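A.B. asks: Below you will find the structure I want to go over with you.
The values are calculated or read from the model by the stated rules, or taken from the named source; none is laboratory data. Because the structure is predicted, anything quoted here is derived from the model rather than measured. So basically every Cβ, Gly included, is an ideal-geometry build from the backbone, and we count neighbours across all protein chains shown. Surface areas here come from the heavy atoms of the whole protein model, side chains and all, with no ligands, DNA or RNA. Shrake-Rupley method; radii C 1.70, N 1.55, O 1.52, S 1.80 Å.
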Amino acid sequence: DAGVHSKAWYAATCDRKTAEDALYRSNRDGSFLIRKSSGQDSRQPYTLVVFYNRRVYNIPIRFIESTRQYALGREKSGEERFDSVAEIVENHQRTSLVLIDSQNNTKDSTKLKHIIRVS
């Protein structure tokens, strides 16, 4: 277990559209939640959904079999790895998360500030 099930920020049954709609409605930079990833892939079990600058970012959370750890986004050298999804959230409530817009090739950053609950 990734330590997500009892957390306020975990939207277990939420799909991508529901998550994005909830974040657009919040309209606050740093709003976030974590949902199950759409594809049933054990290597990418969750998605971190973040609102910033009128955009919603869906960031995959990867599970690394060899170390039993989690990491954000595509695999890269020197990436930060965490023992649980909760640790990722706690870390990025303190330190900024880099948001990459692949369409416009821009980078932003924000901290995870506002937990969004999806009913």
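A.B. asks: Return one whole number: the accessible area per residue of region 1-56 in Å², for a 1.4 Å probe.
C.D. replies: For region 1-56, the solvent-accessible area averages 56 Å² per residue.
A.B. asks: Next question, about the same structure. With θ set to phi - 60°, apply the Karplus curve 6.51 cos²θ - 1.76 cosθ + 1.60 along region 68-74 and write out the HN-Hα couplings as whole Hz, x wherever there is a Gly or Pro.
C.D. replies: Those phi angles translate into 6, 10, 10, 8, 9, x, 6 Hz.
A.B. asks: A further question on this structure: Take the chain, connect every pair of alpha-carbon atoms lying under 10 Å apart with a spring to form a Gaussian network, then pick out the residue of Ser102, Ser26, Ser38 with the largest mean-square fluctuation.
C.D. replies: It is Ser102.
A.B. asks: Would you kindly derive the ³J(HN,Hα) couplings of region 59-66 from the backbone phi angles with the Karplus curve 6.51 cos²θ - 1.76 cosθ + 1.60 (θ = phi - 60°), listing them in order in whole Hz, with x for Gly and Pro?
C.D. replies: Using θ = phi - 60°, the values come out as 10, x, 10, 8, 9, 9, 3, 4 Hz.
A.B. asks: Could I ask something else about it? How about region 90-119: which trypsin sites (Lys or Arg not before Pro) there lie in a loop by DSSP and see at most 13 other Cβ atoms within 10 Å?
C.D. replies: Listed in order of number, the matching sites are Arg117.
A.B. asks: Same structure, new question: How large is the charge dipole for the chain, taken about the Cα centre, if only the Cβ atoms of Lys, Arg (+1) and Asp, Glu (-1) carry charge, to the nearest 20 debye?
C.D. replies: 320 debye
A.B. asks: Once neighbouring chains are kept in place and the probe is 1.4 Å, which whole percent of the accessible area of the chain is contributed by carbon and sulfur?
C.D. replies: Carbon and sulfur: 42 percent of the exposed surface of the chain.
A.B. asks: For labels at Gln93 and Arg68 in the simple 7 Å Cα→Cβ model, what's the distance in nm?
C.D. replies: Calculated label separation equals 2.5 nm.
A.B. asks: Would you kindly compute the Cα radius of gyration of region 16-115 and its largest Cα-Cα separation (Dmax), both in Å?
C.D. replies: Computed over the Cα atoms of region 16-115, radius of gyration and Dmax are 13.0, 39 Å.
A.B. asks: What is the calculated FRET efficiency for Ser102 to His5, with r their C-beta to C-beta distance and R₀ = 35 Å, to the nearest 0.05?
C.D. replies: It comes to 0.70.
A.B. asks: Here's something else I'd like to know. Does a label point 7 Å from the Cα of Arg43, set along Cα-to-beta-carbon, have any residues of region 68-88 with amide nitrogen under 11 Å, and which are they?
C.D. replies: 75
A.B. asks: In whole Å, how far is the Cα centre of region 1-23 from that of region 51-89?
C.D. replies: One Cα centre to the other: 15 Å.
A.B. asks: For the chain, modelled as a Gaussian network with Cα springs under 10 Å, which listed residue fluctuates most, Ile100, Ile34, Ile88?
C.D. replies: Fluctuation is largest for Ile100.
A.B. asks: Further, regarding this structure: Compute a Gaussian network model of the chain, connecting alpha carbons closer than 10 Å, and tell me which residue from Thr13, Thr106, Thr47 fluctuates the most.
C.D. replies: Thr106
A.B. asks: What ³J(HN,Hα) values, in whole Hz, does the Karplus curve 6.51 cos²θ - 1.76 cosθ + 1.60 give for region 22-27 when θ = phi - 60°, with x put for Gly and Pro?
C.D. replies: Karplus values, whole Hz, x for Gly and Pro: 5, 6, 4, 5, 5, 6.
A.B. asks: Give the relative contact order (percent, whole number) for the chain; include only Cα pairs under 8 Å separated by 6+ residues.
C.D. replies: Computed value for the chain: 26 percent relative contact order.
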